[in-house]
Amino acid sequence: MATYSGKPGAFPALAIVPLLLVFCLFPGQTWLAHFIPRLSGLATIDPGLIVLDTPIHLPGSIDLVLVPALFLALYTIVLLAFSMSRHLPAGRTVTHRLAAVLSGTFFFLLSVAIGGLISYVLLEQLPGRLQHNINAISVNADVHLPFLGYKTSSLHGNILSLLGLLVGIGIFLVRISRDPRYRRSTPLTREQRMTPYQRMLEERRRPAPPAFRCHNEPLYTLEPEAVNYRPLA
């Protein structure tokens with residue numbers, strides 16, 4: 001059975017994923033909090049950026065429970081609609097895309113953690129003026145985990161942490177933009193779908209080929225062939 005691999009339709013993940021994330025942040029998490037009030041506020045984060053002592057904050061907190069749950073639900077619906085419109089295997093498409101989002105999120109967090117670790121190790125070894133220049137642009141975040149008994153945990157970064165954040169965003173975008181390779185089978189012919197018994201009956205129904213008569217021809221001469229002979233001694 002012949003198969004081929006290809007990309008039957010490009011999925012605009014680089015456009016859909018950011019739009020869904022923005023919708024889940026504003027106003028998605030606020031809307032979902034009215035329906036699931038018990039899950040609202042269990043884990044939140046307030047990220048911010050400081051440029052030359054000028055703080056820049058988001059309009060609100062990011063709910064670390066409601067936002068991912070809403071995003072995965074909406075993204076799954078979009079993937080199912082895309083698969084049905086392009087006649088693609090829905091299970092493979094949804095599994096591949098969701099796995100890409102989860103793996104991209106993992107590498108994003110890993111990149112941010114590595115950037116923060118490098119900053120923590122190297123910052124104390126640098127001269128004071130260079131430390132001031134590195135801290136001129138910083139990324140800070142206040143993490144609220146009331147269900148664990150912690151009120152607020154403040155995370156302070158610098159330009160090295162910001163570089164780790166940017167690298168993580170790049171890796172995340174690369175992961176979600178990869179298209180799965182689909183394998184479609186070529187339709188089998190009638191003869192290929194037949195069982196051996198059906199093929200035997202089909203051959204019996206066919207008319208027998210015309211018989212050919214054999215004529216005996218005398219062999220007048222017999223020429224021996226040369227043999228490469230070597231003594232055993």
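Quick check on segment 21-180: take the gyration tensor over C-alpha atoms, sort the square-rooted eigenvalues as a ≥ b ≥ c, and tell me if it's rounded (a/c under 1.5), prolate or oblate. Judged from the Cα gyration tensor, segment 21-180 comes out oblate (a/c at least 1.5, b/c at or above a/b).
Residue exposure proxy: HIS144, HIS132, ordered by other Cβ atoms within 10 angstrom of their Cβ from fewest to most, comes out as HIS132, HIS144. Among MET84, MET194, sorting on how many other beta-carbon atoms sit within 10 Å of each Cβ, with the fewest leading, yields MET84, MET194.
So how do 151-157, 17-23 stack up, highest first, on mean other-Cβ count within 10 Å?
Descending packing order for the listed peptides: 17-23, 151-157.
The P(r) of segment 75-131 has a tail past 20 Å containing 53 percent of all C-alpha pairs. Sorting ARG190, ARG86 by the number of Cβ atoms found within 10 Å of their own Cβ, with the fewest placed first, yields ARG190, ARG86.
Rule-based calculations on the coordinates, nothing more; no lab input. This structure is a prediction, so every number in the text was calculated from the model and none was measured. Note: ideal-geometry Cβ built from the backbone for every residue, glycine included; neighbour counts use all protein chains shown.
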